């Protein structure tokens, strides 16, 4: 499976999905002009990857500075895919990185984690 | 196929519509679907709750930012106002300083009593005019004017009237010369007029006119009408002559006028 590497832009985050090692990351700001165009291929690739039931640990690092509401929905879809994969037997974890002064990002991470049934969602404070 | 954020939700709705469209329904099938539907609905509702919280929080932040900006804008406006006031003060201070400087400049260059050029400034002008002649080769004349028997006015009417007489004299002479002529007080009752671009013949006419004006327009003072006359000596600049030498010759001509009975013009 081909890895996904997207360089950050003013309105979109950096995406780095290394499917061979199972290290996936999304970092930066997300308020794309068209959420479907940006997150569509990312979600599709993640879906395909998780369907292969990878036998290594899948670690997803998320470090957002800002995201708009539709990007929040896209993130929830990503977490949902991960949650379902764990239910199906994949070893996966999401690590939500937030700046120690950024109460809002901390709260948003906590909100996201509430909806998940199987996936472990770790809060990681950054100095 | 185009991706949508709500693919899953749409799929459930499609399934429901298909089920409803069926003529006959298996209750088992309906129960199974309902389980899936409720699950999806619960998720939908949880996501909605989460999104609303996120939106509210962002809106709150926007409002806070807006309030902070308003406060900052207010502060900036006040600062701008203060700066403007400071600027205005500064501008008026500069204007006041300019006025003082102008006054000082005038004081440095003018005779305190009569306000005509003082000796120092007059001699500077003379040097300038002499240099100019070297370039332009135009004629230049100098007049020395000395008020006749000025000591008598002082002795007879007092120094205040003497001062009045000096001021009156400069007013009369000033009204009889051109803008380009330079009028200065050389000391006591002795004055000089530089006449640029003026030949000795023209200078003679001017001097005679000034002499006559001074004679005709006596000083009207509290002590009565006082007749004033003036003796004038003229000299025209010679080729290569210095300003100093020119003054000396005009001065000598003025003494000749004194010797010849005062109230007259002599030319060197």
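The values are calculated or read from the model by the stated rules, or taken from the named source; none is laboratory data. In this text the structure is predicted, and so the values were computed from the model without any measurement. Every residue, glycine as well, gets a Cβ built from its backbone with ideal geometry; the counts of neighbours run over all protein chains shown.
Scanning segment B:41-84 for residues that are more than 11 Å from every other protein chain (Cβ to nearest Cβ) and closer than 30 Å to residue B:8 by Cα returns a single hit, B:41. Would you check which residues across segment B:220-235 are in a loop (DSSP other than H, G, I, E, B) and closer than 14 Å to residue B:148 by Cα and list them? Of everything in segment B:220-235, those that are in a loop (DSSP other than H, G, I, E, B) and closer than 14 Å to residue B:148 by Cα turn out to be B:227, B:228, B:229. Here is a check on your reading of the model: is residue B:105 within 14 Å of chain A (Cβ to nearest Cβ) and under 60 Å from the mean Cα position of the chain (by Cα)? Against the criterion (within 14 Å of chain A (Cβ to nearest Cβ) and under 60 Å from the mean Cα position of the chain (by Cα)), residue B:105 does not qualify.
Scanning segment B:137-155 for residues that are within 20 Å of residue B:235 (Cβ to Cβ) and in contact (Cβ under 8 Å) with a residue 40 or more places away in the chain returns B:138, B:139, B:140, B:141, B:142, B:143, B:144, B:145, B:146, B:147, B:148.
Yes/no matrix, rows are residues, columns are (1) within 18 Å of residue B:205 (Cα to Cα); (2) without any contact (Cβ under 8 Å) to a residue 24 or more places away in the chain; (3) in the same structural domain as residue B:193 (by TED's automatic domain parsing); (4) in contact with a helix residue (DSSP H, G or I) (Cβ under 9 Å, 6 or more places away or on another chain):
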| site | (1), (2), (3), (4) |
| --- | --- |
| B:220 | no, yes, yes, yes |
| B:229 | yes, no, yes, yes |
| B:242 | no, no, yes, yes |
| B:245 | no, yes, yes, no |
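Evaluate segment A:69-84: report whether one residue or more is surrounded by fewer than 18 Cβ atoms within 10 Å (Cβ to Cβ), part of a loop (DSSP other than H, G, I, E, B) and either at pLDDT below 95 or at negative phi (or both). No: segment A:69-84 contains no residue that is surrounded by fewer than 18 Cβ atoms within 10 Å (Cβ to Cβ), part of a loop (DSSP other than H, G, I, E, B) and either at pLDDT below 95 or at negative phi (or both).
Taken together, the residues in segment A:42-96 that are within 14 Å of chain B (Cβ to nearest Cβ) and farther than 28 Å from residue B:52 by Cβ amount to 2. Does residue B:51 meet the test of being modelled with pLDDT under 90, surrounded by 13 or more Cβ atoms within 10 Å (Cβ to Cβ) and closer than 24 Å to residue A:112 by Cα? No, not satisfied.
Could you list all residues from segment A:21-41 that are surrounded by fewer than 18 Cβ atoms within 10 Å (Cβ to Cβ), in contact (Cβ under 8 Å) with a residue 12 or more places away in the chain and within 12 Å of another protein chain (Cβ to nearest Cβ)? A:31, A:41 - these are the residues of segment A:21-41 that are surrounded by fewer than 18 Cβ atoms within 10 Å (Cβ to Cβ), in contact (Cβ under 8 Å) with a residue 12 or more places away in the chain and within 12 Å of another protein chain (Cβ to nearest Cβ). Checking each residue in segment A:86-127 for being out of contact with any helix residue (DSSP H, G or I) (no Cβ under 7 Å at 6 or more places or on another chain) and assigned to a strand (DSSP E or B) picks out A:93, A:95, A:97, A:120, A:122, A:124, A:125, A:126. Residues of segment A:111-127 that are within 11 Å of chain B (Cβ to nearest Cβ) and surrounded by 14 or more Cβ atoms within 10 Å (Cβ to Cβ): A:111, A:112, A:113, A:115, A:116. Among the conditions (1) within 14 Å of chain B (Cβ to nearest Cβ); (2) out of contact with any strand residue (DSSP E or B) (no Cβ under 8 Å at 6 or more places or on another chain); (3) under 25 Å from residue B:42 (Cα atoms), the only one that residue A:103 does not satisfy is (3). For segment B:5-25, the set of residues classified as touching a helix residue (DSSP H, G or I) at 6+ places or on another chain (Cβ under 9 Å) and part of a loop (DSSP other than H, G, I, E, B) consists of B:5, B:6, B:22, B:25, listed by residue number. For segment B:104-130, give me the residue count where each residue is modelled with pLDDT under 95 and more than 28 Å from residue B:219 (Cβ to Cβ). Of the residues in segment B:104-130, 3 are modelled with pLDDT under 95 and more than 28 Å from residue B:219 (Cβ to Cβ).
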